[in-house]
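The values are calculated or read from the model by the stated rules, or taken from the named source; none is laboratory data. Source: prediction; values computed, not measured. Cβ placement follows ideal geometry from the backbone for every residue including glycine, while neighbour counts extend to all protein chains displayed.
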C-alpha cells in the first residue's frame, strides 16, 4: 500500500499548525521521567519476596520505572532535536483557551466535592451548568452569561440528570446519593 | 453438529423477550453513541459498567455487545455526513463517503455502509461461531509461558506497530502497565502504590480510566482547543442504491470481509490496517469511470469495502477476546472488564464453564445485526437529527453520564477527583499525539500478563529460559521479534536503496 493511494485528510493545509512546540514537548518528556522516578521510589517499598518463582511483586514496577525512564529520556532527546517524530496535528486551535477550561474544571471539581452532600441531581446539574457556560464561552456565543442562557442551562441540566438518576436508582437499583432518602430527589 | 446444537440453545436464550429488549436497547444506544461525536463505544460501555452489579450476566453481555456493534453502524453515519475526521475506524469511510455526500449521494453511501456492515458482520459472526470453539480447544493446551507471550504480542502490536510512533506507543503502554500495578498484588497480596489510601487498595478501576481518557478528556479538549472550529454538515438524500450501486458494492463488501476477518482473529488489534488495505484494494481494482470517481465525486466501492472490513475485524476480534481473554482494542478491553466484574475470566474454559453465556452472546450477534440493519436503513433520518444537538449542551451532558459511570461503581468522591486528573492526562496525550489504546489495554491486560509471567518463571524453577524451551512459546517469541524488526528493517533497506540510487545518479553526473 503506497501513501499516494490515500488522499490527505481534508482541510489539512488550510488549518493552522497545532503541533506543540519543542519546548512543551521537552516538558512532557521530563514529565515522563518524573513518573518513572515516582515509580522507582514506590518500587523500593515493595517486597521482592519471590516465593517459589523467581519473580517477586516488585519486578513489574521496576520494569515500568526503567522503561518509562528510557522513554522519557528518548522523548526529551527527540524534542531537543527537532521535535517528536511523526507527530500528527491534534486539530483545533494553536493556543489553549484558559477561561473555558476553568469553567469546565470548576464544574467537575464542584461535582466531586458536593455530590455526597447535596445529592446526585443537584450536584450534576451544577456541573452541567458550569460546563455548558464554559463551552458556550469557548465557542464565542455572544449570549453566553445572559440570564436567559443560565435559566435555560439549569432547566436542561435538571432535565438530563433527574431522569438519569431515576433510571439508575429506580429501574436498575444502583445506589446514587440523593438529597433525601426517598430515591426521587 | 455439536456447534449447531449449542448455537440453537444460544438462540433460545437470546430470544426471550427480556433479552431481546436488552439487545434492542443496546443496539439503539450504540447507534446513538456512534452517531454523536465525542463518545465512542468504549466510553459508552464503561459508563454503563455499574449495571453489572445488578443485571444478570447474560442480559448485560447481550446489552454491551449491542452497544459495541451499534456504535460501528452509527459511526459511519457521522463520518459520511459530517466533514470532520472522526475516530480511526471510520476515517477511511469518511474519505470517499464525504465526497459522495458532497456530490448529493449521501443516501447511497449510508445504504452501502449499513448493508455492507450487515453482510460483513454476519459472515464474521459465522466465522466466530465455527472457529471460536476450535480455538478454545486448542487454547486449553497453552500454558503460562505461551499465554504470556501471546499477551506480549498483543502489547507489541498495540503499542509499537499501530500508531505514528513506537516510542510514544511504548510510553503509553508502560503508563497503562504502571496504572495496572496500583493496588493489591494478585499473587502475593502485597500493596503497591497505594500511598496509604484505602481507595487505591482495590486498584484503579478501568471505568475511571476509560471514561476519563475518552469522555472527560474529549470535553476538556473541546473547551480548550475546539471552541472556534466550525463544522459543516452534508445534506441528506434518499437512502437508496441503484442497480449499478449494488453491482459495485457486492464484490467490495465480500473483499472487505475477506480482508477484515483474519485481522480480527489475530491478537494484534486495530482496524486501521484492514480498512486502509481494503481501500487500497478497491482503488486498485476499480476501472475506468469507477476509478475516476475515487477522490473526486466519491466512489461507492471506497465506502463499501472499508466499512465491511471494519465490521468484520471488529466482530472477529471477539475470537481472541472470548477464547484467549486477550482484548485488542479499547472496547474489547472494557468488555473484558465487564466479564471480570462477574468474576468470569474469558479464556478457553469459558466455552465449557459458561457455555450458555457464550452461545447466547454469539446468537445475540446475529440478532443484533438484523436489528441494526432495520435501525440504520429505514430509520436513519432519526439518527441524523442527533447531529443537530448543539456542542456545548452535548459535551456538558456527557459529563453527567461520566459521573454516573465513575461514581456509580463504588460511591466514592475520591474517584471523581481521580477522573478529573485522568481527563487532564487525556488532554495532554491527545495534544502531544500519544495513542490511548495502549494505556487501556496495558492497564487491563497488565495484571493478567504479570500473573502469567510469574507462573511461567515459577514453572521454569526461576529460569527465564522457559520461554525459549517450549516450541509454541519460542515461535511466539520469534513472531514478536519479527513484528518489531521486519517493518523497520524494510524501511532502512528502502532508504538505503534510495540513497545508493541517488549516489549512483550523482556520480554518473560527475563523469558527464
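Looking at the stretch B:163-186, which of its residues are farther than 20 Å from residue A:85 by Cα and within 7 Å of another protein chain (Cβ to nearest Cβ)?
B:177, B:178, B:181, B:185
May I ask you to say which residue of B:24, B:20, B:7 is surrounded by fewer than 24 Cβ atoms within 10 Å (Cβ to Cβ), closer than 19 Å to residue B:311 by Cα and modelled with pLDDT of 90 or more?
B:24
All but one of (1) over 21 Å from residue B:483 (Cα atoms); (2) in contact (Cβ under 8 Å) with a residue 40 or more places away in the chain; (3) crowded, with 24+ Cβ neighbours inside 10 Å hold for residue B:275; which doesn't?
(1)
Of the conditions (1) surrounded by 20 or more Cβ atoms within 10 Å (Cβ to Cβ); (2) without any contact (Cβ under 8 Å) to a residue 60 or more places away in the chain; (3) more than 8 Å from chain B (Cβ to nearest Cβ); (4) farther than 29 Å from residue A:25 by Cβ, residue A:178 fails just one. Which one is it?
All conditions pass for residue A:178, except number (1).
So that you can scan it fast, the table gives a plain yes or no per residue for (1) in a helix (DSSP H, G or I); (2) within 30 Å of residue B:197 (Cβ to Cβ):
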| residue | (1), (2) |
| --- | --- |
| B:411 | no, yes |
| B:426 | yes, yes |
| B:429 | yes, yes |
| B:440 | yes, yes |
| B:454 | yes, yes |
| B:481 | yes, no |
| B:492 | yes, no |
| B:503 | yes, no |
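If we scan the stretch B:305-314, do we find a residue that is within 19 Å of residue B:76 (Cα to Cα) and surrounded by fewer than 20 Cβ atoms within 10 Å (Cβ to Cβ)?
Scanning the stretch B:305-314, I find no residue that is within 19 Å of residue B:76 (Cα to Cα) and surrounded by fewer than 20 Cβ atoms within 10 Å (Cβ to Cβ), so the answer is no.
Every residue in the stretch B:389-409 that is free of Cβ contacts under 8 Å to residues at least 24 places away in the same chain and either more than 7 Å from chain A (Cβ to nearest Cβ) or not in a helix (DSSP H, G or I) (or both), please.
B:390
Looking at (1) facing chain B (nearest Cβ under 7 Å); (2) surrounded by fewer than 19 Cβ atoms within 10 Å (Cβ to Cβ); (3) within 30 Å of residue A:130 (Cβ to Cβ), can you tell me which one residue A:99 breaks?
Of everything listed in (1) facing chain B (nearest Cβ under 7 Å); (2) surrounded by fewer than 19 Cβ atoms within 10 Å (Cβ to Cβ); (3) within 30 Å of residue A:130 (Cβ to Cβ), residue A:99 misses just condition (1).
Quick one: which of A:114, A:108, A:130 is more than 7 Å from chain B (Cβ to nearest Cβ), modelled with pLDDT of 95 or more, part of a helix (DSSP H, G or I) and under 20 Å from residue B:406 (Cβ atoms)? Steps first, answer last, please.
Numbers: A:114 fails: modelled with pLDDT of 95 or more; A:108 fails: more than 7 Å from chain B (Cβ to nearest Cβ).
One residue alone meets the criteria, A:130.
Going by what's in this entry, would residue A:122 be described as more than 25 Å from residue B:415 (Cβ to Cβ), more than 10 Å from chain B (Cβ to nearest Cβ) and in a helix (DSSP H, G or I)? Step through it out loud before you land on a result.
Working: more than 25 Å from residue B:415 (Cβ to Cβ): no; more than 10 Å from chain B (Cβ to nearest Cβ): yes; in a helix (DSSP H, G or I): yes.
In short, no.
One line per residue, one yes/no per condition, for (1) modelled with pLDDT under 95; (2) within 21 Å of residue B:176 (Cα to Cα); (3) at the interface with another protein chain (Cβ under 9 Å from one of its Cβ atoms); (4) in contact with a helix residue (DSSP H, G or I) (Cβ under 9 Å, 6 or more places away or on another chain):
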site: A:41; (1), (2), (3), (4): yes, yes, no, yes
site: A:45; (1), (2), (3), (4): yes, yes, yes, no
site: A:48; (1), (2), (3), (4): yes, no, no, yes
site: A:52; (1), (2), (3), (4): yes, no, yes, yes
site: A:66; (1), (2), (3), (4): no, yes, no, yes
site: A:89; (1), (2), (3), (4): yes, no, yes, no
site: A:93; (1), (2), (3), (4): yes, no, yes, yes
